[in-house]
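One structure is given below, encoded as structure tokens.
The values are calculated or read from the model by the stated rules, or taken from the named source; none is laboratory data. Note that the structure is a prediction, hence the values are computed from the model and not measured. We place every Cβ from the backbone using ideal geometry, glycine too, and count neighbours over all the protein chains shown. Ligands, DNA and RNA are excluded from the accessible area calculation, which covers all protein heavy atoms including side chains. Shrake-Rupley method; radii C 1.70, N 1.55, O 1.52, S 1.80 Å.
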Amino acid sequence: MLSDFLTADRIDFCQSKLTWQQAVARVAQPLLDAGDITSGYVQAMLDSIAAGGTYINLGHGIALAHARPESGAVRTAISMLRLREPAPLLGQPQHAVDLYFCFAAVDADAHMSAMASLARILSDAQTRQALRDAASAPEVVKLITEFEESQ
């Protein structure tokens with residue numbers, strides 16, 4: 001379940017204007033600090049996006065930054081960053097993102113379980129909006145937990 005991975009200490013809010021590079025680095029920071037990923041993983045995400053990786057744009061202003069496990073995923077983990085002002089991927093307005101997630105997985109099973117949970121939450125328009133409206137990490141955690149319990 002997503003709530004097992006996305007804990008309050010992995011949720012951040014930013015009022016400052018960021019570039020997409022700064023947003024990816026910032027959303028990855030909690031995972032880096034916890035030892036869930038290496039700095040090489042962060043660089044692999046940045047390099048992939050810079051090479052045309054707007055594929056991380058899930059639509060609805062949401063991006064899922066990730067890299068291959070061998071790039072430095074130590075443990076399966078996820079983090080979230082909510083931006084007040086969108087940071088468009090590659091500076092392209094059509095890829096404006098204000099809700100960044102960073103995802104790391106060390107094996108396919110953990111990857112599929114966490115991704116399925118995230119997909120269910122993000123496919124619900126009301127829950128997507130509630131994530132944007134949340135003002136604190138505990139509020140996001142509560143929202144996700146309640147969504148999972150209702151399923």
(request) Express in whole angstrom the spacing between the alpha-carbon centres of segment 123-151 and segment 60-106. (result) 18
(request) May I ask you to compute the full-extension gain from Glu85 to Ser39, defined as 0.36 nm times their residue separation minus their alpha-carbon distance, rounded to one decimal in nm? (result) 14.0 nm
(request) With a 10 Å radius around each residue's Cβ, average the other Cβ atoms per peptide and rank 19-30, 95-106, 130-141, highest first. (result) 95-106, 19-30, 130-141
(request) Could you check how much of the accessible area of the chain is carbon and sulfur, as a whole percent, using a 1.4 Å probe? (result) 53
(request) For the chain, state the semi-axes of the equivalent ellipsoid (square roots of 5 times the eigenvalues of the alpha-carbon gyration tensor), sorted largest first and rounded to whole angstrom. (result) 21, 19, 14
(request) Using amide H atoms built 1.01 Å from N in the peptide plane, name the residues 5+ places from Phe13, or on other chains, whose amide H lies under 5 Å from its own. (result) Arg82
